[in-house]
1. Which order, highest average first, do 97-103, 20-26, 37-43 follow once you tally other Cβ atoms within 10 Å for each residue and take the mean per peptide?
2. Under a point spin-label approximation (7 Å from Cα along Cα-to-Cβ), what is the residue 18-residue 32 distance to one decimal in nm?
Amino acid sequence: MVRTDFPEASPGFERSSVEAHLEAVAAQLVALEARARALEVELEAVRSGSGGEPADRLEQESGPPEGARVPDPPQTTTGDPVAARLVATEMLLDGAAREAVIARVESEYGIPDAAALVDEVIARTG
């Protein structure tokens, strides 16, 4: 999805910069498409009533959909429950398994009851 047919000497634009920007846009598009697919699957499960509780559905999943972005941790992470909730929310919305989210919150944020925090995020995000 990268265009390479830009004129060689366009005034004001450097070809490598344009290509790098387009590659970044393409990567974001892939992540958004993966998230949309995951949300469509979840919506269908909710509509059909066959998905069980949100926590049960998340435990059954093996990880984020292909191409989904896993958020990078902030610079200072230890003991920061707000940052832990943000990363947990992003991971869960990207389709990560509950246990994987708990493990990351425990290891990177040092949250004492990571399971409770993740369950709270699951309850709020549905």
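Read the figures in this text as sums done on the coordinates, not as results from a lab. The shown structure was predicted, so the numbers you read here are calculated from the model rather than taken from an experiment. Using ideal geometry, Cβ is built from the backbone for each residue, glycine included, and neighbour counts are taken over all protein chains shown.
1. 97-103, 37-43, 20-26
2. Label-label distance for residue 18 and residue 32, simple model: 2.1 nm.
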